[in-house]
Amino acid sequence: MKQTKQKLALALVFSALLLTGCSSYGDVETLLRAPQLSGESSALQKALNSYLGGSATLKYPASGDFLSPFAFGDWDGDGEDEAAVLYTADTTGSNVCLAVLEPSGEDSWRVSRTVEGLSSEVENFNTANLKNAESQQLVVGYSSAQGDSYCVVYQYDGENITTVISQSYTQLLLADLTGKKDTTDLVLALPENEMGGVTLQLLTNVDGEFRSIQTLALGAGSYNGCAALHAGTGRDDAAYLVMDAWADGNAMVSDIILYDTESGSLQPYHPPGLSDPQRSTLRYHTELLSRDIDGNGTVDIPAEIDDGGDLQTPVDKRLVFLLWKDYANNSGGNSLFGVYDSKENFFMALPESMHGSIMIRGNQSSTGWLICNREGTVVYCEMRVVDLDEPESIEYERIATIGSQQLQARMVTSYYGLSMDYIKSNTVLLGTA
């Protein structure tokens, strides 16, 4: 009997534990290390403890489809959901282990198979239809104290867990880049070799077998490693990926890579308006990763610009003007202008008419900044970060919560295209996906 909705809800509950407003890292650790399990989750841990003859410690991944030790899905394609659990135990050593459990009655489970992972921490935990549309594979990224990462793809066939691939990596991406629709591809950024640059490895389904079909070397002598991989949808609904790469040790650049259906391979893509990707996408705020900043399905690449306006001391130390460009069309890419606050890590989009015609200076209370006309004689709006218990007022409205503080805004003088609703809709906390 399938219980997909209940199991998905359970996974979301555990994911939500990581999103609660705990006041410190220690509080989160306490919550995660001693979860109060009930219902189906309790039955899963009870079955696992019985199998181990001891108490299992649940392991929480840092990212991925599942932010919980528990995952549910039809791994073997038999039409019934199984469960997977990440754990460590005194009897199994320090490495994380993966157990697959089968349902054995109402609210009852039995351990079918276990496998030992490659290190003591889990970097990410995903599932995907890599080999066919009927069964799913478990994709686990392990990380070690030495900073090494290993990606392992597991296949469960109802009786055994086999390793499909095991590969060291620095970043991974699951997306349908090859256009097969019913299966997912895996792209791995491999550890830097002696030649420098970044090597991407494409793994995909070929006649029912999931395997590596290509490696692509990028930025030899220029890139010092991959910072992130992102998938988006471009023209003609074709998938593409954007790679953020480290450059010169203290800077970041981006590359766009497309899958060419004729050659069956990934190829670098230089769209109109991006003839020199390294120069056009260079930024020194290396926390500025590419992302879908406007929610339209394309990946936007941030570029620091020096013609956005005048930044007065001392806000010039924390603010920078940005243009986010998606380069997804033939005209050279759509752009979004705005200002980035590196202290609080948020981006505020501004009307394009403000590009090059504004001054930003600190506010009187030193809690934020004012957006003014170029001469500084007219204030359009104020952005400030204050304590959570600071009340909203007729003037100030809450825009977002940033850790233990809140971001507030107020309109001072009307400006065409800029309003409180615009600010609320176009301010993005970059610490969130």
*Determine the pairs where a residue that is closer than 14 Å to Val140 by Cα, located within the stretch 92-120, has a partner that is charged (D, E, K, R) and not in a strand (DSSP E or B) with Cβ atoms under 7 Å apart, the partner being 6 or more residues away or on another chain.*
Val96/Lys59
*Subset of the stretch 278-293 (residues that are open to solvent by less than 20 Å² (accessible area, probe 1.4 Å) and not hydrophobic (A, V, I, L, M, F, W, C))*: Thr281, Arg283, Ser290
*Say whether the condition of being in a loop (DSSP other than H, G, I, E, B) and open to solvent by less than 50 Å² (accessible area, probe 1.4 Å) is met by at least one residue in the stretch 145-153.*
no
*Can Ala328 be described as at pLDDT 95 or above and surrounded by 19 or more Cβ atoms within 10 Å (Cβ to Cβ)?*
no
*Could you check, for the stretch 317-324, whether at least one of its residues is at pLDDT below 90 and open to solvent by less than 40 Å² (accessible area, probe 1.4 Å)?*
no
*Could you give me the residue pairs with C-beta distances under 9 Å whose first residue belongs to the stretch 189-208 and is part of a loop (DSSP other than H, G, I, E, B), whose second residue is buried (at least 22 other Cβ atoms within 10 Å of the Cβ) and β-branched (Val, Ile, Thr) wherever it lies, and which are 6+ apart or on separate chains?*
Leu190/Val198; Glu192/Val198
*Being in a loop (DSSP other than H, G, I, E, B), within 28 Å of Val242 (Cα to Cα), open to solvent by 20 Å² or more (accessible area, probe 1.4 Å) and touching a residue at least 24 places away in the same chain (Cβ under 8 Å), is that true of even one residue in the stretch 370-381?*
no
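The values are calculated or read from the model by the stated rules, or taken from the named source; none is laboratory data. What you see is a predicted model; the values in this text were computed from it and never measured. Virtual Cβ from ideal backbone geometry, glycine too; neighbours counted across all protein chains shown. For the accessible areas, the whole protein counts, side chains as well, though only heavy atoms, and no ligand, DNA or RNA atoms are used. Shrake-Rupley method; radii C 1.70, N 1.55, O 1.52, S 1.80 Å.
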